[in-house]
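Notes follow once the structure below has been shown.
Just so it is clear, none of the values below were taken in a lab; they were calculated from the coordinates. In this text the structure is predicted, and so the values were computed from the model without any measurement. Cβ atoms come from the backbone with ideal geometry, glycine included; neighbour counts cover every protein chain shown.
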Amino acid sequence: MSDDKIINKTMDWDLRYRENDTPWEEGEAAPPLVEFLEKNSVHGKVLVPGCGFGHDVRLLASQGAIAIGMDISKFAIEKAHSFLKLNNEDYILADYFASPKNLSNEFDWVFEHTCFCAIDPSQRDKYISSTHKILKNNGKLLAIFFTHTENNGKPPHQIESNEIDILFKSKFKTLKIITPNKFHEGRKGNEQLRLMEKI
């Protein structure tokens, strides 16, 4: 898919970034990821879908991973590229549901934070299939899910723990479920961190 087609498809996301209508943009890496990395390593090649300005990407790269951020918003990717590159991080403009064929079975990890909750719930099966496709055999998905948010039909869309079990069970097995002790203001008790493995 050409850059122009992606941009046209995502004009609303670009507009939100350009108008600073980005409540998900906290200016730093996700605290639950910071907490996880204090006791665990994420190594090899990592993809961060819906990376926005790339805060999580840069944190993962600083820990030694080869971190690739992907976003459908040209504005977000341009902003991510504007930060000083210090480690093994990079960014690509792409649609996660139509990710390039050369990314199949390419990644050791996917780190998920604000992409799954942003898509319409009707697209969740497609998201899971895309994640399964790009991970290597036994690749890991580290995901922060919003389990308690206002259910008003707009992102972030919540998902309950048992729904996660049902949706992912055919393609992933859960290794750990963690209630984060570190979180952005207002998110205490609203997030669940899961470590899953491709099957």
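Below are the figures for this structure:
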| quantity | calculated |
| --- | --- |
| Simple label model, 7 Å out from Cα along Cβ direction - Ser161 to Lys173, nm | 2.0 |
| From phi via Karplus (6.51, -1.76, 1.60), per-residue ³J(HN,Hα) for the stretch 109-115 in Hz, x at Gly/Pro | 9, 10, 10, 10, 10, 10, 8 |
| Summed side-chain charge close to Ile199 - residues other than Ile199 whose Cβ falls under 10 Å, Lys, Arg +1, Asp, Glu -1 | +3 |
| Protection proxy ranking of 155-168, 99-112 - average other beta-carbon atoms within 10 Å, highest first | 99-112, 155-168 |
| Long-range amide H partners of Ala30 with built H, under 5 Å | Asp56 |
| Two-decimal ratio, the stretch 110-199, of alpha-carbon radius of gyration to 2.2 N^0.38 Å | 1.04 |
| Long-range amide H partners of Val110 with built H, under 5 Å | Leu47, Lys140, Leu141, Leu142 |
| The chain - mean residue ellipticity at 222 nm from DSSP helices (-39,500 (n - 2.57) per run, n ≥ 4, rounded to 500) | -8500 deg cm²/dmol |
| Segment Ser82-Asn138, length gained on full extension (0.36 nm per residue, minus Cα span) | 16.8 nm |
| Those residues of the stretch 170-195 whose amide nitrogen sits under 15 Å from the label point placed on Asp125, 7 Å along Cα→Cβ | 170-171 |
| Straight-distance crosslink candidates among aspartates and glutamates, where the alpha carbon sits under 20 Å from Lys136 and sequence neighbours closer than 8 are dropped | Glu89, Asp90, Asp95, Glu106, Asp108, Glu112, Asp125, Glu197 |
| Interchain or long-range residues, amide H under 5 Å from Gly69's placed H | Val48, Asp90, Tyr91, Ile92 |
| Local electrostatic count, Gly44, Cβ distance below 10 Å [Lys/Arg +1, Asp/Glu -1] | +2 |
| Likely footprinting exposure, Leu142, Leu86, fewest C-beta neighbours within 10 Å first | Leu86, Leu142 |
| Relative contact order of the stretch 126-199, pairs being alpha-carbon contacts under 8 Å that are 6 or more residues apart, as % | 44 |
| Tensor-based shape of the stretch 71-120 (alpha-carbon gyration tensor, a/c under 1.5 rounded, otherwise prolate or oblate) | oblate |
| Computed E for His43/Asn152 - FRET, C-beta separation, R0 45 angstrom, nearest 0.05 | 0.70 |
| Only Lys, Arg (+1) and Asp, Glu (-1) charged, at Cβ; the stretch 77-199 dipole about Cα centre in debye | 320 |
